[in-house]
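A short worksheet on the structure shown next.
Values quoted throughout were computed directly from the atomic coordinates according to the rules given, and no laboratory measurement underlies them. Predicted, not measured: the structure shown is a model, and the values here were computed from it. Don't worry about glycine lacking a Cβ; one is built from the backbone with ideal geometry, like all the others, and counts go over all protein chains shown.
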Amino acid sequence: MLLPISWTYSQSLDLDYCQERARTLSPIKKQELLYETQANLNIKNLNSLNLPQSRLNGEYNYLSDVLNIGIDIPGLDITEIPQSQYTLSLDVSQKIYDGGYIKNAKKMQKAQMATNIKGMEVDLFEIKGIINKLYFNALVYQENEKLLGTVVDELQKQLKKIMSQVENGAMLKSSANIINQQILRIQQQILEVQLGRKAVIDMLSDWIGEPIAPDAEFVLPLIAEQDLAQDIDRPEQQYFSLMEDNLESQKKVLNSQVLPSLSGIAQLGYGSPNPLNYFEVDATEYYVVGARLKWNFWDWKQTSRKKKILEINKNIISSKKEDFEKKIKIASIRDQSSIETYKQLIEKDKKILELQEDIVQKSYSQFQNGVITSTEYILEVNKRTEAQLNLQIHGIQKIQSEINYLTTKGNL
């Protein structure tokens with residue numbers, strides 16, 4: 001069924017709106033909050049390492065043999081050490097110096113979060129190309145439908161004049177039939193255009209998360225010449241830089257791990273026998289206070305090898321960045337070539353259409369005077385319609401190439 005053609009639109013959409021909606025509603029966007037929450041939790045865990053750390057210990061042992069002096073000393077009562085022993089203690093430690101590990105580890109978490117979020121933006125950037133394609137497909141269908149509708153209106157006006165001449169016996173009915181047949185053919189084309197447009201609208205509607213009216217207007221973007229002169233600004237470039245920063249933060253964490261750390265310690269316990277005095281066999285309290293120094297000054301070059309691995313990863317990232325920038329440069333050259341091609345095609349289209357308009361007007365006069373047949377006249381009308389479609393499509397394709405060029409460079 002042919003839908004009625006209306007140039008009064010119930011809804012208006014532009015490319016920027018569709019792009020923003022599609023990215024905002026993408027499930028990928030949810031990752032940003034998740035990455036932030038993940039980093040905040042890790043940082044809170046690192047901050048807690050600056051707080052006193054406590055641990056409750058309990059132990060029970062039965063010993064098959066215990067220390068026994070084996071001699072009796074007059075006047076000295078040596079208590080026998082029991083074979084059944086138990087202790088319960090609370091250990092508390094407070095970090096005094098950690099070589100900057102916690103500070104650097106927190107910076108590493110923030111660097112990782114920034115890298116992950118930028119990676120998410122890289123994934124979101126791919127949506128732009130999809131939306132561009134759908135939007136401009138809908139735009140082409142929209143403008144084609146308008147143009148074909150105009151051709152039908154013109155032919156219907158001419159058909160009325162011809163039917164009047166047929167009734168007066170000034171023209172054969174076959175001439176009117178040929179015009180009517182052409183109207184039906186164009187209406188078939190309009191139906192195909194409407195069905196194609198509906199399919200594109202349905203897909204775009206899913207992306208932006210809201211219904212799009214069948215007669216919605218897609219606004220043709222306008223690109224200023226100075227916009228095309230901007231430098232490349234792709235999220236991938238920032239992503240590569242952040243990955244390099246993240247590797248540097250990991251290197252600082254490695255450096256801090258090989259530095260000495262100092263903690264204050266305290267232990268309050270209860271046990272039998274007293275672990276500080278084995279000859280005090282009755283269950284008693286005891287405590288220990290002091291400081292603990294840790295320094296892993298020799299790790300068989302593990303830290304050195306880990307740093308080398310980080311440097312290798314950094315070089316890999318650098319090569320990927322270089323490859324990416326090369327591909328973007330080549331893609332930009334391709335898009336620039338497309339823009340220039342469509343500019344030249346549009347100039348030719350204008351000249352062709354101007355000439356064909358003149359031919360159609362003369363052909364119609366000749367047809368009215370019986371010099372040519374209606375078939376010959378329709379042939380010239382078809383050529384004009386083709387020229388109009390070419391001009392229209394090439395104009396849209398030129399703007400699409402400009403949009404693609406800006407998208408490729410990250411300026412859109």
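Inspection of segment 277-287 identifies no residue that is assigned to a helix (DSSP H, G or I), without any contact (Cβ under 8 Å) to a residue 12 or more places away in the chain and of a type in the set (D, E, K, R).
Is it the case that some residue within segment 351-373 is of a type in the set (Asp, Glu) and either within 20 Å of Lys133 (Cα to Cα) or touching a helix residue (DSSP H, G or I) at 6+ places or on another chain (Cβ under 6 Å) (or both)? No, the conditions are met nowhere in segment 351-373. Of the residues making up segment 144-176, just one is charged (D, E, K, R) and buried (at least 18 other Cβ atoms within 10 Å of the Cβ), namely Glu145. Of Leu242, Leu222, Leu228, all but one fail to be more than 15 Å from Gln19 (Cβ to Cβ) and part of a loop (DSSP other than H, G, I, E, B); the exception is Leu222. Of all residues in segment 353-412, those satisfying the criterion of being among the β-branched types (Val, Ile, Thr) and in a helix (DSSP H, G or I) are Ile359, Val360, Thr375, Ile378, Val381, Thr385, Ile393, Ile396, Ile399, Ile403, Thr407, Thr408. With respect to (1) assigned to a strand (DSSP E or B); (2) free of Cβ contacts under 8 Å to residues at least 60 places away in the same chain, the lone exception for Leu254 is condition (1).
In this structure, Ile312 qualifies as within 30 Å of Ala39 (Cα to Cα), without any contact (Cβ under 8 Å) to a residue 12 or more places away in the chain, loosely packed, with under 15 Cβ neighbours inside 10 Å and within 44 Å of the chain's Cα centre (by Cα).
Would you please name the residue that is nearest to the chain's Cα centre (by Cα), looking only at residues in segment 203-226 that are among the acidic types (Asp, Glu) and surrounded by 14 or more Cβ atoms within 10 Å (Cβ to Cβ)? Checking each candidate, the answer is Glu217. Summed over segment 121-137, the residues that are surrounded by 20 or more Cβ atoms within 10 Å (Cβ to Cβ) and farther than 21 Å from Asp335 by Cα give a count of 0.
If you go through segment 375-408 and keep only what is over 39 Å from the mean Cα position of the chain (by Cα), crowded, with 17+ Cβ neighbours inside 10 Å and aliphatic (A, V, I, L, M), you end up with Ile378, Val381, Ala387.
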